[in-house]
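Report on one structure; see the data block that follows.
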Amino acid sequence: MTISGAGHHIDSNTILFGVIGDPIRHSKSPIMMNRAFRETGINGVYAAFHITSGHVADFAAGVRAMGIRGVNVTIPHKLDIMSVLDHIDAGAAAIGAVNTIVNDNGRLIGYNTDGIGYVRSLKEEAESHLAGKRIVVIGAGGAARGILYALISEKPAHITISNRSIERATELAAAFRDKVDIEAVSNDSLQAACQQADIVINTTSVGMFPNTDETPIDAAWLKPGAVASDLIYNPLKTKFLQQAEQRGCRIHGGLGMFIYQGAYAFEYWTGQPAPAAAMRETVLASLQG
Ligand code: NAP
């Protein structure tokens, strides 16, 4: 039997995977992951499950009962899923969020691949050496926490965080203060920090579809030649990135982070290298189509 759209031959040995979230029907993970299974010849199929708050524990019981091998977790369940897992990896525990579950014979283990996915993408696509760099992170939500955790292991010289609600930036800086030279600044001091930065990262949702005319900062604050990076991938090139490019900056969009968080999840589940180029091709075609 062939499942339309996935192209797999489903049989009695097919291994199940999926993503949970609310909402979930917009997710590009099923097309990306089913392409990865096709590409590698793995007899797996990946579906999207619309799980509402209050049903997360039931879902975890279903994963154990049905032997679903791997699950991705997206908004709003990255925190509440943690209480129903058997073990949380040290990185996910430090970040305080799980986006990937591995079912190891009924034992559910939680990982976070968002931050490492972002850093792999940044290093491959924009700046291979992060050691000694001055980095500005705009925003202090869940995604900012994951990428800060991963950035710190690259030994940057200094990190500045700024956020609309300054107290969230202050909290985040305090959480990582023992590992890196890090400070939280108000929006008033953001301009000066950007002028000195080698890399400026937008982790807020400012500029995301449908508000594509919005931008988190004035691109005139950026040093020409610096890297402007945006976690948003819809649109692929935000207004922030368009203006930074005109300013002479190197630009880095959010698509690579999405691909590599999925690639790391694939690698945890299967023990095989993920076909990242094919995964990117499929998602890109879907975004442009
Ligand atoms: P979140 O936890 O809800 O945090 C949202 C952040 O955006 C907060 O810092 C918030 O500031 C700020 N913000 C929202 N609206 C704003 C506005 N109008 N003006 C200024 N700041 C504003 O969300 P998240 O999970 O961190 O996600 C943030 C972004 O990253 C989203 O665009 C998401 O699509 C993207 N993302 C991309 C990937 C990928 O794979 N590429 C993965 C994860 C997330 P306050 O604290 O003041 O509210």
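What value, in deg cm²/dmol to 500, does the helix sum -39500 (n - 2.57) over DSSP H runs of n ≥ 4 give at 222 nm once divided by the residues of the chain?
Working: 10 runs with 107 residues, N = 289.
Mean residue ellipticity at 222 nm (helix-derived): -11000 deg cm²/dmol.
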To make sure I understand the rule: partners must be lysines, Cα under 21 Å from the Cα of K237, and not fewer than 8 residues away in the same chain. Which ones qualify? K28, K123, K223
Taking a straight Cα-to-Cα line shorter than 14 Å from K179, and setting aside same-chain aspartates and glutamates fewer than 8 residues away, one finds E154
Where the centroid of each part is defined by its Cα atoms, how far is the range 76-112 from the range 35-66 in Å? 14 Å
What is the sum of charges around F176, taking Lys and Arg as +1, Asp and Glu as -1, for the other residues whose C-beta is under 15 Å from the C-beta of F176? 0
Under a 1.4 Å probe, counting only protein heavy atoms, K155 has an accessible area in Å², nearest 10, of 140 Å²
For the chain, modelled as a GNM with alpha-carbon contacts under 10 angstrom, which of L148, L231, L79 fluctuates the most? L79
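Quick one: grab the alpha carbon gyration tensor of the range 115-253, order the square roots of its eigenvalues as a ≥ b ≥ c, and give me rounded if a/c is under 1.5, else prolate or oblate depending on whether a/b is larger than b/c. Please list the in-between numbers first.
Values: a/c = 1.39, a/b = 1.23, b/c = 1.13.
Taking the square roots of the gyration eigenvalues as a ≥ b ≥ c, the range 115-253 is rounded.
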Using a Gaussian network for the chain with springs between C-alpha atoms less than 10 Å apart, which of these wobbles most: G117, G207, G54? G54
Using a 1.4 angstrom probe and counting only protein chains, how large is the accessible area of R134 in Å², to 10? 90 Å²
Among M32, S162, G106, whose Cα projects farthest towards the positive end of the dipole of the chain, with charges put on the beta-carbon of Lys, Arg (+1) and Asp, Glu (-1)? M32
In degrees, nearest ten, helix 114-125 long axis to first principal axis of the chain (Cα): 60 degrees
With angles folded into 0 to 90 degrees, how steeply does helix 276-288 sit against the dominant principal axis of the chain? Use alpha carbons for both and round to 10. 80 degrees
Relative contact order, percent, of the chain when contacts are C-alpha pairs under 8 Å separated by at least 6 residues? 16 percent
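For G106, what is the net charge nearby, where nearby means another residue's Cβ is under 15 Å from its Cβ and Lys, Arg count +1, Asp, Glu -1?
On the way: positive: R64, R69, R107; negative: D86, D104.
Combined, the nearby Lys, Arg, Asp and Glu give +1.
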Residues with amide H under 5 Å of I88's amide H, sequence separation 5 or more or different chain, H placed in the peptide plane at 1.01 Å from N; which? G110
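Once the cut-off is 28 Å, how many percent of the Cα-Cα pairs in the chain end up in the long-distance tail?
38 percent
By accessible area of protein heavy atoms, probe 1.4 Å, what ranking do M208, M82 get, highest first? Let's see the in-between values first.
Values: M208 85, M82 45 Å².
Putting M208, M82 in descending order of accessible area: M208, M82.
Where does each of E167, E127, E183 land when they are ordered by accessible area, with a 1.4 Å probe and the largest first? Present the calculation step by step, with values, prior to reporting the outcome.
Details: E167 110, E127 25, E183 80 Å².
From most exposed to least exposed: E167, E183, E127.
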To the nearest 20 debye, what charge dipole does the range 156-289 have about its Cα centre, counting +1 at the Cβ of each Lys and Arg and -1 at the Cβ of each Asp and Glu? 240 debye
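How do I182, I251 rank by accessible surface area computed with a 1.4 Å probe, from largest to smallest?
On the way: I182 15, I251 50 Å².
From most exposed to least exposed: I251, I182.
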As I understand it, the value is the acute angle between the Cα axis of helix 255-270 and the longest principal axis of the Cα atoms of the chain; what does it come to in degrees, rounded to 10? 40 degrees
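The values are calculated or read from the model by the stated rules, or taken from the named source; none is laboratory data. A quick note: this is a predicted structure, and the numbers were derived from the prediction, not measured. Methodologically, a virtual Cβ is constructed for each residue, glycine included, from the backbone with ideal geometry; neighbour enumeration extends over all protein chains shown. The accessibility values were calculated without ligands, DNA or RNA, using every heavy atom of the protein model including side chains. Shrake-Rupley method; radii C 1.70, N 1.55, O 1.52, S 1.80 Å.
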